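S.K.: Below are the structure tokens for one structure; questions will follow.
The values are calculated or read from the model by the stated rules, or taken from the named source; none is laboratory data. Every value quoted in this text rests on a predicted model; they were computed, and no experiment measured them. Cβ coordinates were reconstructed from backbone atoms using ideal geometry, including for glycine residues, and neighbour counts include every protein chain displayed.
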Protein chains: 2
Amino acid sequence: MAKSIEELGEFGLIDHLTKDIKLFHKSTVKGVGDDAAVLNYGKNLLVVTTDLLVEGVHFDLVYTPLKHLGYKAVAVNLSDVYAMNAHPKQITVSLAISGKFSLDAVEEIYAGIRLACDRYQVDLVGGDTTSSFTGMTISITAVGEVEKKKVVYRSGAKEKNLICVSGDLGGAYMGVQVLKREKQVFKDAPEVQPELDNYQYVLGRQLKPEPRRDVIELLERLEVQPTAMIDISDGLSSELFHICQKSDMGCLIYEEKIPIHKDTITAAEEMNIHPVTAALDGGEDYEMLFTVPLNDLDKVKDVDGLSIIGYITDKSEGVRMQTKQGELVDLKALGWKSFDIDEKSK
Amino acid sequence: MAKSIEELGEFGLIDHLTKDIKLFHKSTVKGVGDDAAVLNYGKNLLVVTTDLLVEGVHFDLVYTPLKHLGYKAVAVNLSDVYAMNAHPKQITVSLAISGKFSLDAVEEIYAGIRLACDRYQVDLVGGDTTSSFTGMTISITAVGEVEKKKVVYRSGAKEKNLICVSGDLGGAYMGVQVLKREKQVFKDAPEVQPELDNYQYVLGRQLKPEPRRDVIELLERLEVQPTAMIDISDGLSSELFHICQKSDMGCLIYEEKIPIHKDTITAAEEMNIHPVTAALDGGEDYEMLFTVPLNDLDKVKDVDGLSIIGYITDKSEGVRMQTKQGELVDLKALGWKSFDIDEKSK
């Protein structure tokens with residue numbers, strides 16, 4: 001019997017719908033199944049990635065300033081381009097908005113979009129607005145460029161490769177938890193002023209993510225060519241699974257090596273959430289997760305803002321984490337993926 | 001004082017939001033303002049176009065079979081690529097669906113998407129599904145390729161150029177009128193069987209539009225290089241305005257030359273709609289509107305399926321139509337554009 005959408009999960013659904021796809025063109029180097037498609041139309045490769053952000057699923061207008069929303073919509077697409085080790089060059093933007101929005105509101109969204117374009121030197125080459133009878137939807141497509149020898153897929157991780165992650169994890173998830181809590185407080189008692197001062201770091205991680213262009217540039221300076229790379233949009237566990245599945249490998253990471261900011265830990269403990277769970281399953285951190293050959297250990301081991309969290313193993317060893325207590329746990333058991341994974345960021 | 005969204009209109013809004021855009025990259029040949037963006041990454045040019053289809057605005061699931069919806073979503077994007085005189089090569093698809101849809105339903109949409117990909121030899125290179133709490137949204141981005149000397153913009157029309165249109169117009173609009181009428185009949189009396197037999201032609205025009213690859217191929221065989229081209233998605237009037245505005249020209253078309261299918265006329269008269277109004281303001285015909293040098297008259301004048309409907313004039317003469325009675329009317333007066341132009345196709 002056919003599985004349901006829920007049983008398949010988001011990634012299973014895409015695999016199911018796009019399996020056995022016939023490709024006609026030599027210019028299609030890589031289709032469905034990575035952070036971006038890869039096209040060959042000239043000296044360099046092009047990467048193309050698209051994201052659909054839906055009100056109520058990916059953002060809540062109650063606590064998302066419109067300018068931040070526009071900025072973030074661009075940022076998450078650029079993050080996918082950087083995850084191919086490519087540089088974004090052009091974006092198109094489609095916006096569906098209901099009649100309740102004023103011109104000022106749309107201008108705010110575009111101000112955020114254009115700020116991100118300026119900061120990351122990306123050309124806005126297509127714009128489209130349409131009406132919507134329900135919520136707001138933003139669809140952005142980004143085109144980037146990368147030298148043929150520099151493109152990085154999810155599928156290139158090899159045994160004994162080091163697993164590295166940029167920045168710190170779990171903050172964006174704790175940010176959205178704080179926002180949801182304050183939304184509830186506001187509903188219950190509108191006269192109470194929100195208490196957000198202690199949460200500046202995690203709120204910033206949620207509302208103002210920056211794509212990690214600097215990591216791509218750093219790797220170039222260090223002369224490190226990652227063997228596999230992905231951006232952390234759905235949580236560390238999910239992304240490790242993607243890399244291991246596409247590379248036909250397993251991995252072992254160490255709980256104590258997962259970088260978590262002190263403010264993320266404080267917020268998590270206050271809300272009775274295990275900080276490591278926020279890092280593994282939270283998502284939306286938009287940090288870079290990548291693997292490098294063991295030979296590159298000296299190049300990456302003492303770099304500020306990079307953490308080596310584990311290594312790639314044979315496939316038979318699964319996708320595992322060694323806890324601080326020395327126990328080996330199967331990461332799948334920690335709640336990886338479901339079709340409503342986005343629900344978490346509501 | 002700032003204008004409202006309604007005052008600006010859809011195209012005015014995009015102009016407003018994207019004015020003074022800073023471009024960083026030499027690879028950006030043409031940004032906002034044509035059927036597609038044009039990028040230069042190699043020997044040939046790339047065109048990139050994106051469309052967002054929103055349930056309740058662009059389609060009504062009450063009378064749109066899901067497979068047709070998937071097919072049409074691809075078709076309208078390919079139409080934009082052909083309108084640049086380019087050939088589509090790759091598409092990405094993003095789909096937001098609510099939990100009420102079964103896997104079967106999503107498979108139906110994808111069956112339509114893949115059928116269109118097969119028929120037009122386009123590679124599906126990116127797929128993304130997400131949940132939605134409200135209606136369904138489909139966002140498709142298409143990438144196409146065109147030789148540098150063959151790309152056609154909206155802006156190249158010159159005085160005395162002939163204005164040509166492929167196929168016939170107004171049918172898709174009459175199709176949606178029939179569907180809306182039957183929906184109302186069904187609401188009022190669910191036991192009445194819909195009477196659709198007499199409307200096969202116009203229904204097909206609405207539900208199964210085909211992008212005009214054959215027109216692009218025909219022009220190539222005829223060795224005709226259009227000076228300007230656009231696909232007819234919003235109605236003949238709207239597209240004439242786009243070409244005249246971008247080319248800094250005016251035009252004169254002849255009512256009697258506008259190609260309208262006999263079944264479109266029958267349906268329009270039955271519903272007390274002027275067939276020419278359906279052609280001018282209806283939209284969704286996805287025919288090609290293009291201009292050619294007067295020298296090419298002999299090449300295009302006796303071609304089946306092409307109609308010469310008028311010519312380009314100096315800008316000072318405006319965008320006009322000579323009626324069958326010999327009267328000159330300003331096309332703007334016929335109701336061109338509003339932010340809710342899409343409402344018509346509900």
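S.K.: So which residues in region B:108-132 are farther than 24 Å from B:Lys150 by Cβ, more than 7 Å from chain A (Cβ to nearest Cβ), touching a helix residue (DSSP H, G or I) at 6+ places or on another chain (Cβ under 7 Å) and not small (Gly, Ala, Ser), if there are any at all?
M.R.: The answer is B:Glu108, B:Ile109, B:Ile113, B:Leu115.
S.K.: Every residue in region B:263-295 that is polar (S, T, N, Q), crowded, with 23+ Cβ neighbours inside 10 Å and not in a helix (DSSP H, G or I), please.
M.R.: B:Thr291
S.K.: For B:Glu107, state whether it is over 23 Å from the mean Cα position of the chain (by Cα) and acidic (Asp, Glu).
M.R.: It is true that B:Glu107 is over 23 Å from the mean Cα position of the chain (by Cα) and acidic (Asp, Glu).
S.K.: May I pose another question? Go through region B:109-148 and report how many residues are at pLDDT 95 or above, part of a loop (DSSP other than H, G, I, E, B) and either at negative phi or surrounded by 21 or more Cβ atoms within 10 Å (Cβ to Cβ) (or both).
M.R.: Residues flagged as at pLDDT 95 or above, part of a loop (DSSP other than H, G, I, E, B) and either at negative phi or surrounded by 21 or more Cβ atoms within 10 Å (Cβ to Cβ) (or both) within region B:109-148 amount to 3.
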